1. Counting pairwise Cα distances across the protein assembly as shown, what percent come out greater than 42 angstrom?
2. What percent do you get for the relative contact order of chain A when only Cα pairs under 8 Å and 6+ apart count?
3. Quick check: pseudo-label points 7 Å beyond the Cα along Cα→Cβ at A:PHE77 and A:ASP158, how many nm apart are they?
4. Give me the aspartates and glutamates in straight-line cross-link reach of A:LYS191: C-alpha distance below 16 Å, same-chain residues under 8 apart excluded.
5. What are the residues whose amide H is under 5 Å from the amide H of B:PHE119, where those residues sit 5 or more places off or on another chain and H is modelled from the backbone?
6. Which order do A:ILE225, B:ILE287 take when ranked by solvent-accessible area (1.4 Å probe, heavy atoms of all protein chains), largest first?
7. For segment B:60-213, just the Cα set please: Rg and Dmax, both in angstrom.
8. Cβ under 12 Å from B:LEU351's Cβ, B:LEU351 left aside: what net charge do those residues give with Lys, Arg +1 and Asp, Glu -1?
Amino acid sequence: MSAPPQTGPITVASPSRTAARRSLRDILSASSVRFVVLVLCFLWSVPTFGLFISSFRNAQAINNSGWWSTFYTSTEFTIQNYVTVLTAEGMGNAFLNSIIVTVPSVVIPITIAAFAAYAFAWLEFPGRDLFFAIVVLLLVVPLHTTLVPILRMYVGLDLNGTFLGIWLAHTGFGLPLATYLLYGYISTIPKEIMEAVVIDGATPFTTFTRMVLPLSVPAIASFAIFQFLWVWNDLLVALVFLGTNSEVSVVTRQLTELVGSKGQNWEVLTAGAFITMIVPLIVFFSLQRYFVRGMMAGSVKG
Amino acid sequence: MQQQLQQPEKGSFLSWFTTGVGRVIVALIVPIITFAILWQSFVFMRDTEAPKLLIALVALVVGVVGVWALYIGTNFFIEQLPGRVRDALRPYLFVGPAMVILGVFLIYPAIGTIYLSFFDARSESFIGVQNYAFAFVDSAMLIALRNNLLWIILVTGFTVSVGLLVAVLVDRLSQWEEAAAKSLIFMPMAISAVGASVIWSFMYFAKPITQPQIGTLNAIITGFGGEPVLFLLDKAINNFALIAIQIWLLTGFCMVILSSAVKGVPDELLEAARIDGANEFQVFFRILVPSIMPTILTVSTTVFIIVLKTFDIVYVMTNGRRDTEVVANRMFNELFRFGNSGHASALAVVLLLAVLPIIYWNLRSLREQRS
């Protein structure tokens, strides 16, 4: 971790902090607060960190000494675990499958939801309130409730174990929240702007594509990140709709398989786990602002 | 609307479309056509045996370009229609596809599940409430229900209180320290439950006492002279070991949301209480907590919904063995291992019943917003 900037933020309260905030500090002095936070941060990051270190040690090293021993004994690090997992253990194929599953499962629901959200916010039509109430009603319905009939429908249509099947399922599961969130954003666009565009003779469609969509990019980005993580990290929907065919296995399912078959082979599991985590972690650290917003907004998903 | 009321006598075919009934029927036709086209392209893709990278490419094309092409195409068609029909149809171009998908993937299946929950294992004969009797009487199910309750109470309690504690504490730190601390505690949100399960399996791993421990927790325990603990096998603690993983995953989420609520409490409010002689604990419990209560409730509800549906962690770590079963995992096993869709459906309905109060509450607040 890099040193704090010269302004010395450790003792100088930022201007927004008033006396009210500072007096709590008198009781829980700054250093003890810092200590408690440090302990919590330590507790929260050690598990991931230990796994990360271990994924670069060979099987023998992992099994004979704890990962912490790398700090005080000379250790050889290797990327062999990753090579093995990506090739022999099918993680490479699963990684590609996860991308195939995730991208349309993010784009399709957002597109459909954005159209619907615009209509709910700015168009008048019979059934609007009823339809919107249905969207709200479906927000927290657990997707478990839908699995059995969808599965039967899929078996009938021969959609089981296909990417198409899982895209549609994720589209359905993500749609209520996407519509609700984008509605919340799109309905706050100032009325004057919308009316000005309509006076200029724009149809609803061009208003939507030229005005509403560009203005909604922050909300779309936030939801996209939420949906991306949700789909990428999902296990249940993948297990149910992609089945046991290893050809279409995604990373979460592949890792679950490895836990079952290689339960003690930590060199495989640690590297495998990191491969499943790498994309979400990159998104997390590079797009943290949107990430936080997406998580906050997406907190009610059913 | 008003125009329509002024000219009700117009009886031509086209104006029929603008009546309420006509609009609803048309509203149904448009999305059906949309869906059919979408469907055909999907079916085509299903049947190809193309190499994976090509499928990935086609997936992107269908996902991005395909959906847009459908909207643009349908819009073009609607714009060709005479004025009043066009105006009546337009909104349904926007909401139609969404409503059809919600109907096919949520409403119809939810109703179907409720229906199936009254039928036997193979959905052949009606057996009344026997599946529900199983759900609430069977001894394994009672353990699952108990565990779900344990999960809900402990995870909600811990994540919300630790999240609030961290939110209040980091508020006293400098900006970069706050950002760094939040990042570290929030990071597990990016990790899948499966990944977290592997991370914690490694933490919990136990070796015989004669060998050096490689699992962090048992290394600490034996380092202090204790016996290695079998975290996942010991029935006294295995549920708590699993629950700890969920707490680890969700605390950061609670912290981030509560943190923005804490920052929203006006300083004057806290200061006024202090001038009146309140000590810091009174300020915290009597002023700060009540003023962010709505946020605390929202966060708790969210955690409740997530935990209620807990599946991945249990499925990966123990698959419900040694008294660690939960409802969602049992439902999955009823469906795929025991082939009992009656039981599985009833368990799904139990989960739905648990969120009914929240659905009611959501709808009520929607109505309040509208009025």
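The values are calculated or read from the model by the stated rules, or taken from the named source; none is laboratory data. It should be emphasised that the depicted structure is a prediction, and the values quoted were computed from it without experimental measurement. All Cβ positions, even for glycine, are placed from backbone atoms using ideal geometry, and neighbour counts span all protein chains on display. Please note that ligands, DNA and RNA were not included when accessible areas were found on the heavy atoms of the full protein model with its side chains. Shrake-Rupley method; radii C 1.70, N 1.55, O 1.52, S 1.80 Å.
1. Numbers: 72162 of 226128 pairs.
Beyond 42 Å sits 32 percent of the P(r) for the protein assembly as shown.
2. Details: 275 pairs, mean separation 88.5, N = 302.
Reported as a whole number, the value is 29 percent.
3. Result for the modelled spin labels: 5.1 nm.
4. Straight-distance partners of A:LYS191: A:GLU124, A:ASP200.
5. B:ILE127
6. Values: A:ILE225 15, B:ILE287 45 Å².
Descending order: B:ILE287, A:ILE225.
7. 26.7, 86
8. Working: positive: B:LYS309, B:ARG330; negative: none.
Computed value for this residue: +2.
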